1. Could you grab the pairs with beta carbons closer than 6 Å, sequence gap of 6+ or different chains, first residue in the stretch 169-198 and more than 13 Å from Leu239 (Cβ to Cβ), second one buried (at least 16 other Cβ atoms within 10 Å of the Cβ) and at pLDDT 85 or above?
2. Considering each residue of the stretch 259-275, count those that are touching a residue at least 40 places away in the same chain (Cβ under 8 Å) and out of contact with any Asp or Glu (no Cβ under 7 Å at 6 or more places or on another chain), and give that number.
3. Can you pull out the residues in the stretch 280-294 that are under 27 Å from Thr309 (Cβ atoms), in contact with a His (Cβ under 8 Å, 6 or more places away or on another chain) and outside any strand (DSSP E or B)?
4. Identify, from the list Leu114, Leu100, the residue that is surrounded by 23 or more Cβ atoms within 10 Å (Cβ to Cβ), hydrophobic (A, V, I, L, M, F, W, C) and not in a loop (DSSP other than H, G, I, E, B).
5. Would you confirm whether or not the stretch 403-426 contains a residue that is at pLDDT 70 or above, in contact with a Gly (Cβ under 9 Å, 6 or more places away or on another chain) and surrounded by 14 or more Cβ atoms within 10 Å (Cβ to Cβ)?
6. Of the residues Phe134, Phe202, which is under 24 Å from Leu30 (Cα atoms), at pLDDT 95 or above and of a type in the set (Phe, Trp, Tyr)?
7. Kindly evaluate Leu206 against the criterion of being under 24 Å from Arg319 (Cβ atoms) and touching a Ser or Thr at 6+ places or on another chain (Cβ under 9 Å).
8. Quick check on my filter: what residues within the stretch 295-312 are surrounded by fewer than 22 Cβ atoms within 10 Å (Cβ to Cβ) and either assigned to a strand (DSSP E or B) or in contact with a His (Cβ under 9 Å, 6 or more places away or on another chain) (or both)?
Amino acid sequence: MGIPLVHHYIYIIAASPSLALFSQIMALNLLHFADLHLGVENYGRIDPSTGLHSRVRDFAASLATAFDFAIEEEVDLVLFAGDMYKTCDPTPTHQREFALQLHRLQEARIPIVLIVGNHDAPVAFGKATSIDIFSDLQLAGTYVVRRPEILRVETANGPVQIAGLPWPTRNILRTHDEYRELPQEEITAAIQEICAAQIDEFARQLDPAVPAVLAGHLAAVDAVFSGSERTAIIGHDPLLLTSTLANPSYDYIALGHIHKYQDLNRGQHPPVVYSGSLERIDFGEEKEDKGFCLVNIEDAPDMPRGRATTFEFVPVPARRFTTIRLQVGEGEDATERIVAACADIDLTNAVVRVLYDLPAGYAVPVDLQQVRQALAAAYHIASIQPRFATVERQRRAEITEDLGLGDALDRYIDNSADLQEHRQELKNYALQLERELDLGEAAEGNDV
């Protein structure tokens with residue numbers, strides 16, 4: 001396809017069944033992706049020729065790239081680790097965009113497992129998730145995991161076990177009497193314990209002769225979050241330890257929920273991988289590669305368990321986000337500086353924002369029309385935003401009633417820069433006035 005493959009790792013299984021099992025294990029190729037978020041419509045516009053928001057086309061194009069790869073490389077299974085749509089109530093248009101791509105997999109006879117993510121799950125207990133429809137239609141080779149379960153999926157190159165963990169919703173837990181009245185923090189802790197126990201229980205149920213993948217939409221303690229994800233996740237989501245996820249009974253851990261691609265167990269078995277999102281959501285993801293993972297689990301007769309796992313991160317041509325940052329100095333023309341900065345960067349088809357720092361008191365207006373002309377090659381101009389340098393205000397000296405006149409006057413002068421040079425003269429007048437007041441009070445006392 002001409003798509004570069006990067007970040008290649010090899011992991012060895014560390015257990016030892018009999019050699020009789022080797023003949024049952026065949027090389028398997030899995031495509032792991034997550035966090036599609038179809039329906040995100042920020043930083044774009046309506047395309048008058050199609051009636052679609054231009055960003056919907058971006059997300060659909062990245063999905064098509066992933067499925068192009070799956071079909072051309074004849075992968076054995078596509079594994080989606082959650083968050084198909086932006087919300088749990090996608091529009092028919094957004095559903096159609098995914099259904100069109102799913103149909104292509106159906107025609108290629110490539111099975112797909114869909115894990116329910118937090119954006120797919122409804123808030124109200126009992127309602128269908130946004131991806132349940134693909135299970136209800138009973139499409140061949142299409143599996144939706146909305147409850148923890150182990151699937152045995154038959155592929156062109158043999159079976160594979162998928163231990164599926166959908167997003168652990170609090171609403172389901174609160175339907176049980178023992179959890180109904182617990183505060184939020186204790187519910188979160190309970191979910192963490194339940195998920196950890198479920199991963200171990202799945203591991204005990206696995207057939208060691210068949211490749212096994214743990215697929216979940218979960219947050220891990222050691223994950224590096226993208227931009228605003230950190231404030232959205234920390235303190236709210238259940239967090240699992242990498243050591244909990246990296247159970248050696250699995251050949252590969254396929255995760256969704258965090259938008260940044262990363263392997264939390266790098267160089268060790270099993271790989272614990274967030275494939276990341278297929279498209280950039282906002283500027284917090286500006287510098288991140290976007291794509292999916294191609295996973296290979298194959299015979300390795302010389303290895304203890306007879307299997308080795310490799311995976312490769314495959315980038316997709318996601319929409320670029322570019323920030324132009326500059327500082328305008330004293331006496332410089334802000335418009336000229338911004339236009340020059342725009343000329344130095346390739347802005348073609350990028351979502352662009354301009355952040356420029358101005359010196360305190362800068363009053364010359366920026367020619368926004370000229371700046372927009374300099375940004376003409378951009379796909380979308382997100383913002384042209386000035387940031388003014390703050391003037392450091394000297395902390396005012398406190399004046400209290402118990403201060404003497406001299407000390408109070410000193411502090412008053414300290415708070416008034418224009419009086420500094422007249423300090424001594426003012427203090428002389430003040431002392432003279434104080435003496436005259438004292439003399440006046442004494443004279444009045446003598447007259448009584």
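The values are calculated or read from the model by the stated rules, or taken from the named source; none is laboratory data. Note that the coordinates shown come from a computational prediction; the quantities given were computed from them, not determined experimentally. Using ideal geometry, Cβ is built from the backbone for each residue, glycine included, and neighbour counts are taken over all protein chains shown.
1. Going by the 6 Å Cβ cut-off, the qualifying pairs are Gln198/Pro148.
2. Qualifying residue count for the region: 7.
3. Glu288
4. On the way: Leu100 fails: surrounded by 23 or more Cβ atoms within 10 Å (Cβ to Cβ).
Every option except Leu114 fails the conditions.
5. Looking for residues that are at pLDDT 70 or above, in contact with a Gly (Cβ under 9 Å, 6 or more places away or on another chain) and surrounded by 14 or more Cβ atoms within 10 Å (Cβ to Cβ), one finds none in the stretch 403-426, hence no.
6. Values: Phe134 fails: at pLDDT 95 or above.
Only one candidate qualifies: Phe202.
7. Working: under 24 Å from Arg319 (Cβ atoms): no; touching a Ser or Thr at 6+ places or on another chain (Cβ under 9 Å): yes.
Criteria not met by Leu206.
8. Asn296, Glu298, Asp299, Ala308, Thr310, Glu312
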